[in-house]
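See structure below.
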Amino acid sequence: FSPRSQSAFNKIFFNIELNNNLMKFEALKSSVGEWLKGTGPESDIVMSSRVRLARNLAQYPFVGRASETERIEVEEFLRSRLTKTSVGSRLEYMDLGGLEDLDRQFLVERQLISREHADATGARGVAIDSAEQVSLMINEEDHLRIQCLHSGLDLEAVWAQIRSVDKEIETVVP
């Protein structure tokens, strides 16, 4: 691309990304996550059960020490690899840098991203399933943070789900 063509491409691509984020975010706002419904075991006492796993890529420094270029490479690498899994095909990806502060706050309140992930800058994103049980945070404190969340006291089921997700991710992310 010439610099002028590249600039035009970036404007179009960035607008498409922003529109995709808005469409995905609007769908998320119009639903209630499974874990918020209060239908799980012992949900009258325990609101939710959550398990989180962290993965880092050996060829890149930790997120806190990575350059912006390295963070972009990590985000692009993980995003492309995750779409090759059946888990990834069931998730909606959002570029957090393309969301407004209020939208990122909404994701924090739904427990889909951490406060640190919302407040960070640079290349980062999250992939969320429609039930809001699975979220994959890219470039949070770690390169990839895998999270599963269930309603009520359901640690065995949430552990089984996250193990399944992790095993599948392991097939495409070394």
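Just one of the listed residues (ALA58, ALA54) is open to solvent by 30 Å² or more (accessible area, probe 1.4 Å), over 28 Å from GLY152 (Cα atoms) and touching a residue at least 12 places away in the same chain (Cβ under 8 Å), namely ALA58.
Each row is one residue, and each column tells you yes or no for (1) over 17 Å from VAL172 (Cα atoms); (2) in contact with a helix residue (DSSP H, G or I) (Cβ under 9 Å, 6 or more places away or on another chain).
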position	(1), (2)
ILE72	yes, no
PHE77	no, no
GLY97	yes, no
GLU109	yes, no
LEU112	yes, yes
GLY125	yes, yes
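Could you list, in sequence order, all residues of region 76-96 that are of a type in the set (Phe, Trp, Tyr) and either touching a Phe, Trp or Tyr at 6+ places or on another chain (Cβ under 8 Å) or more than 18 Å from CYS148 (Cα to Cα) (or both)? Matches in region 76-96: PHE77 only.
Filtered by the rule that a residue be modelled with pLDDT of 90 or more and either under 19 Å from GLN161 (Cα atoms) or hydrophobic (A, V, I, L, M, F, W, C) (or both), region 78-90 gives LEU78, LEU82.
If you check GLU70, GLU100 for being open to solvent by 20 Å² or more (accessible area, probe 1.4 Å), more than 23 Å from CYS148 (Cα to Cα) and at pLDDT 95 or above, only one passes: GLU70. Please specify each residue of region 76-90 satisfying the condition of being open to solvent by 20 Å² or more (accessible area, probe 1.4 Å) and within 16 Å of SER135 (Cβ to Cβ). ARG79, THR83, SER89, ARG90 - these are the residues of region 76-90 that are open to solvent by 20 Å² or more (accessible area, probe 1.4 Å) and within 16 Å of SER135 (Cβ to Cβ).
Remark: pairs (first residue in region 92-106, touching a residue at least 40 places away in the same chain (Cβ under 8 Å) and more than 17 Å from GLY122 (Cα to Cα); second residue of a type outside the set (Lys, Arg) and open to solvent by less than 40 Å² (accessible area, probe 1.4 Å); Cβ separation under 7 Å; 6+ apart in sequence or on different chains) = GLU92/ALA127; GLU92/ILE128. With respect to LEU28, determine if the residue is within 27 Å of ILE162 (Cβ to Cβ) and modelled with pLDDT of 95 or more. No; evaluated as a whole, the condition is false for this residue.
The values are calculated or read from the model by the stated rules, or taken from the named source; none is laboratory data. This structure is a prediction, so every number in the text was calculated from the model and none was measured. All Cβ positions, glycine included, derive from the backbone under ideal geometry; neighbour counts span all protein chains shown. To get the accessible areas, we keep the full protein, side chains included, count just its heavy atoms, and leave off ligands, DNA and RNA. Shrake-Rupley method; radii C 1.70, N 1.55, O 1.52, S 1.80 Å.
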